[in-house]
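**Student:** Dumping the structure here so I can ask a few things about it.
The values are calculated or read from the model by the stated rules, or taken from the named source; none is laboratory data. If you're wondering where the values come from, they're calculated on a predicted model, not measured in any experiment. Ideal geometry is used to build each Cβ from the backbone, glycine not excepted, and the neighbour counts take in all protein chains shown. Just so you know, the surface numbers come from the protein's heavy atoms only, side chains and all, with ligands and any DNA or RNA stripped out. Shrake-Rupley method; radii C 1.70, N 1.55, O 1.52, S 1.80 Å.
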Amino acid sequence: MLRQRDGHLTRDLLRAPGGFGLGQVPARVKPDATTDMVCGYCSTGCSLTVHLRDGEAVGLTPAVDYPVNRGVACPKGWEALAVLGAGDRATAPLLRDAGGVRRAASWDAALRTMVERFRGIQSRHGPQAVAFLGTGQMATEELALLGALAKFGMGMVHGDGNTRQCMATSVVAYKQAFGFDAPPYTYRDFEESDVLVFVGANPCLAHPILWERVLRNPHDPTVFVIDPRVTETAMQATEHLAPRPKSDQALFYGVARLLIARGWIDRGYIEAHTRDFDSYAAAIEPFTLERVSDETGLEERAIEHLAETIHGGRRVSFWWTMGVNQSYQGVRTAQSIISLALMTGNIGRPGTGANSITGQCNAMGSRLFSNTTNLLGGHDFANPDHREKVAQVLGIDAGVIPAQGGWAYNEIIEGILRERIKGLWIVCTNTAHSWINQGQARDILGRLDYLVVQDMYATTETARMADLLLPAAGWGEKDGTFINSERRIGRIRKVARAPGQALADFAIFKLVAEYWGCGGMFRAWESPAAAFQILKRLSAGQPCDITGIADYEMLDASGGIQWPFPAGQSAAPARTERRLFEDGRYHHPDGRARFLHEDPRPLPEPPNERFPLLLLTGRGSAAQWHTQTRTAKSAVLRKLYPAEIYVEVNPVDAKARSLTSNDTVHVESRRGRITARAFVSRSVQPGQVFIPMHYEATNRLTDAVFDPYSKQPSYKACAVELRRIAALG
């Protein structure tokens with residue numbers, strides 16, 4: 001049974017329009033029209049009704065009939081418009097002169113300089129010496145245009161997106177297991193499960209609207225939370241298991257072994273729809289209850305109870321987010337969860353699934369259409385048939401399409417250090433804040449010959465480092481589409497004017513193409529709506545086929561549409577919530593899902609005598625978002641989380657260091673030292689501390705370790721020590 005079924009998070013944060021003074025329409029301004037569009041923060045993909053006067057936004061409320069959020073919104077959604085009017089918006093190109101001073105410049109001067117500098121680097125060092133870093137925050141149409149322009153028009157070899165920091169693990173796990181990056185679920189599964197297992201996920205804060213849907217579940221579900229920390233979600237769950245950090249892969253192997261040994265598996269499903277099960281079963285045989293208990297720190301009975309609950313459930317769903325993804329062994333851990341769903345037949349049916357909840361608002365669009373490590377539309381750069389198809393759709397020579405994917409984010413950063421990348425174009429992401437081992441990251445960015453940053457704010461840590469800053473429009477100031485966690489494509493709209501000379505990213509990319517001399521290659525990309533038609537043709541025949549979506553108007557009328565939606569499909573089911581693999585057929589050539597396994601590896605940086613504590617990082621508040629580039633602009637949102645960086649420390653560790661809450665402490669790792677306010681709490685286990693990811697200083701501590709398959713950074717566990725400075729008055 002769920003604890004606190006009508007918990008304060010639902011009642012107070014989600015339901016009361018204007019309860020925080022958030023986003024309501026001012027009484028003195030009477031709207032004359034409304035329009036709906038998808039929120040620009042997380043991947044939930046809520047729809048917001050924007051109230052307009054003379055075509056300009058004057059307020060918003062949650063859309064009442066959208067199948068995702070059904071009339072509720074989190075604090076960030078309520079304040080989505082407020083952050084557009086911040087005083088530090090980038091309003092004109094800023095160009096660094098010979099003396100190192102950045103001055104306002106015309107678009108003509110800015111783009112001529114960008115082209116001159118990047119072409120000069122490529123002529124001296126080769127086309128691979130200039131790279132780009134994109135984002136899951138831009139519209140799908142913009143992502144695709146950037147990727148096509150950079151790789152096909154400008155000859156760049158390497159480019160990646162900040163989705164590498166949040167979703168790469170799930171992408172690779174799904175591709176290897178299912179044959180395609182295909183999250184199988186629909187949000188209705190939150191309401192139809194009788195057992196939900198959340199792993200390294202805190203939806204109460206990270207995805208509160210999704211937790212609202214769990215609270216609507218009429219089946220009195222059992223909710224397991226598996227997380228080292230007592231999160232807000234763990235406090236409301238039926239059961240909380242707190243394994244040692246990064247021991248969850250061993251835990252799931254042990255649970256799988258129990259299910260197999262006791263005959264609690266679906267042999268019929270395994271034989272009809274999967275392969276490699278026998279080798280998987282043999283590989284996990286050594287994961288006995290005794291061994292798993294020793295490695296995880298969990299009681300044997302607790303592990304057995306989890307296995308028994310999974311067996312007893314008729315509709316079991318497994319959910320994970322960054323606690324799994326941001327790990328040095330995240331792919332295999334995600335696949336250990338997928339294997340539990342496959343072996344019990346908990347996939348393709350209502351209330352089931354091995355379900356990765358996405359991070360950013362358009363991470364799914366980035367995964368499919370950014371043209372970074374995957375060719376447009378989920379195609380493969382290495383497949384000549386795929387290159388030919390993409391070339392025909394775009395009307396370009398297939399010879400300009402690289403025959404392999406470019407470097408991942410970490411490899412691009414390392415490429416700068418090795419002097420193989422000399423120029424970098426960073427678009428709508430804050431690398432100097434968010435990248436792991438921040439001190440080293442900033443040093444590396446400082447070694448570039450030329451750094452171009454394209455952002456809506458001039459004051460981000462990365463924007464301040466730029467040789468050239470291009471002012472971009474933000475959400476609400478441009479058109480396009482996002483794809484949410486459940487694969488639903490929704491609209492974003494221009495409801496406000498971008499300040500000064502700022503332009504939509506789509507328009508900036510078109511201008512760059514013209515100045516580079518490849519504008520003719522992108523004539524058909526005349527608008528986001530036209531680009532959407534191109535993306536449809538690119539998706540044809542792919543698992544993400546959306547050729548049945550006529551246009552933006554159809555998306556509006558349907559309440560968003562989940563992919564796949566191929567040509568010939570009736571529009572009638574568009575409002576319903578559809579899941580994948582209902583027929584048991586997967587995207588590998590033989591139609592079967594794969595069981596994959598690998599022995600767990602030890603922590604790359606375990607605690608030792610000098611650094612005896614393990615640092616965990618994660619979401620700190622429902623009102624914070626990533627590097628706070630936008631949320632910190634809202635006075636309302638700032639009131640909902642601590643202004644000062646803080647560190648949660650267990651009472652046992654606090655006592656050993658003579659600490660009390662509100663003491664200021666140094667938190668030190670091998671990479672740096674920060675100052676934080678101590679918060680003594682049993683939410684963390686002895687030997688562990690927690691710092692929210694949103695604060696600028698957090699990533700001075702984290703260790704640049706990466707999953708070998710997904711290349712995703714392992715933000716979640718590194719060795720630190722705390723030292724008291726003085727108590728605050």
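**Student:** When you look at GLN533, is it of a type in the set (S, T, N, Q) and crowded, with 20+ Cβ neighbours inside 10 Å, yes or no?
**Tutor:** So GLN533 fails the test.
Each row is one residue, and each column tells you yes or no for (1) without any contact (Cβ under 8 Å) to a residue 60 or more places away in the chain; (2) under 30 Å from GLY85 (Cβ atoms).
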site: PHE509; (1), (2): no, yes
site: VAL512; (1), (2): no, yes
site: GLY519; (1), (2): yes, no
site: PHE522; (1), (2): no, no
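**Student:** Given PHE190, PHE180, which one is open to solvent by less than 10 Å² (accessible area, probe 1.4 Å), of a type in the set (Phe, Trp, Tyr) and touching a residue at least 40 places away in the same chain (Cβ under 8 Å)?
**Tutor:** PHE190
**Student:** Please state which one of ALA110, ALA105 is farther than 30 Å from ASN484 by Cβ, of a type in the set (A, V, I, L, M, F, W, C), surrounded by fewer than 22 Cβ atoms within 10 Å (Cβ to Cβ) and touching a Pro at 6+ places or on another chain (Cβ under 6 Å).
**Tutor:** Answer to the selection: ALA105.
**Student:** Does GLY395 qualify as being touching a residue at least 60 places away in the same chain (Cβ under 8 Å), crowded, with 22+ Cβ neighbours inside 10 Å and closer than 21 Å to PHE152 by Cβ?
**Tutor:** no
**Student:** Which number in (1) in a helix (DSSP H, G or I); (2) touching a strand residue (DSSP E or B) at 6+ places or on another chain (Cβ under 8 Å); (3) open to solvent by 20 Å² or more (accessible area, probe 1.4 Å) marks the one condition that ARG497 misses?
**Tutor:** (1)
**Student:** It is to be established whether one or more residues within the stretch 125-142 are over 25 Å from the mean Cα position of the chain (by Cα) and over 28 Å from ALA363 (Cα atoms).
**Tutor:** Yes.
**Student:** Okay, next question. Looking only at the stretch 648-685, how many residues end up being closer than 19 Å to ALA719 by Cβ and in contact (Cβ under 8 Å) with a residue 24 or more places away in the chain?
**Tutor:** 23
**Student:** Say we look at the stretch 341-388 and pick out the residues that are more than 23 Å from ASP583 (Cβ to Cβ), without any contact (Cβ under 8 Å) to a residue 60 or more places away in the chain and not in a loop (DSSP other than H, G, I, E, B); which of these is least open to solvent (accessible area, probe 1.4 Å)?
**Tutor:** Ranking the qualifying residues of the stretch 341-388, first place goes to LEU375.
**Student:** Moving on. Identify, from the list ARG610, ARG585, the residue that is touching an Asp or Glu at 6+ places or on another chain (Cβ under 7 Å) and of a type in the set (Lys, Arg).
**Tutor:** Exactly one residue qualifies, and that residue is ARG610.
**Student:** Only one of ALA635, ALA726, ALA717 is at pLDDT below 95 and crowded, with 16+ Cβ neighbours inside 10 Å. Can you tell me which?
**Tutor:** Among ALA635, ALA726, ALA717, only ALA717 is at pLDDT below 95 and crowded, with 16+ Cβ neighbours inside 10 Å.
**Student:** Determine which member of the set TRP516, TRP475 is among the aromatic types (Phe, Trp, Tyr) and either under 18 Å from SER370 (Cα atoms) or under 22 Å from the mean Cα position of the chain (by Cα) (or both).
**Tutor:** TRP475
**Student:** Of the conditions (1) part of a helix (DSSP H, G or I); (2) open to solvent by less than 20 Å² (accessible area, probe 1.4 Å); (3) at pLDDT 95 or above, VAL223 fails just one. Which one is it?
**Tutor:** The failed condition is (1).
**Student:** In this structure, is PHE318 in contact with a Phe, Trp or Tyr (Cβ under 9 Å, 6 or more places away or on another chain), buried (at least 24 other Cβ atoms within 10 Å of the Cβ), of a type in the set (Phe, Trp, Tyr) and modelled with pLDDT of 95 or more?
**Tutor:** For PHE318, the condition - in contact with a Phe, Trp or Tyr (Cβ under 9 Å, 6 or more places away or on another chain), buried (at least 24 other Cβ atoms within 10 Å of the Cβ), of a type in the set (Phe, Trp, Tyr) and modelled with pLDDT of 95 or more - is met.
**Student:** Let me spell it out: the conditions are (1) buried (at least 20 other Cβ atoms within 10 Å of the Cβ); (2) closer than 22 Å to ASN371 by Cβ; (3) aliphatic (A, V, I, L, M), and ALA524 meets all of them except one. Which number is the exception?
**Tutor:** (1)
**Student:** Another question, if that's okay. Filter the stretch 655-684 for residues that are assigned to a loop (DSSP other than H, G, I, E, B) and of a type in the set (Ser, Thr, Tyr); which is nearest to ARG610 (Cα to Cα)?
**Tutor:** Checking each candidate, the answer is SER669.
**Student:** Considering only residues that are surrounded by 21 or more Cβ atoms within 10 Å (Cβ to Cβ) and modelled with pLDDT under 95, which ones fall in the stretch 402-428?
**Tutor:** GLY406
**Student:** Can you name the condition, by its number, that VAL83 falls short on among (1) part of a helix (DSSP H, G or I); (2) closer than 30 Å to ARG188 by Cα?
**Tutor:** (2)
**Student:** Please identify the pairs in which a residue from the stretch 30-57 that is on the phi > 0 side of the Ramachandran plot has its Cβ atom under 8 Å from the Cβ atom of a residue that is open to solvent by 40 Å² or more (accessible area, probe 1.4 Å) and assigned to a strand (DSSP E or B), counting only partners at least 6 apart or on another chain.
**Tutor:** GLY55/ALA33
**Student:** Based on this model, can you work out whether THR459 counts as open to solvent by less than 40 Å² (accessible area, probe 1.4 Å), in a loop (DSSP other than H, G, I, E, B) and within 23 Å of GLY136 (Cα to Cα)?
**Tutor:** no
**Student:** If only one of ILE508, ILE492 is open to solvent by less than 30 Å² (accessible area, probe 1.4 Å) and in a strand (DSSP E or B), which one is it?
**Tutor:** Sole residue among the options that is open to solvent by less than 30 Å² (accessible area, probe 1.4 Å) and in a strand (DSSP E or B): ILE492.
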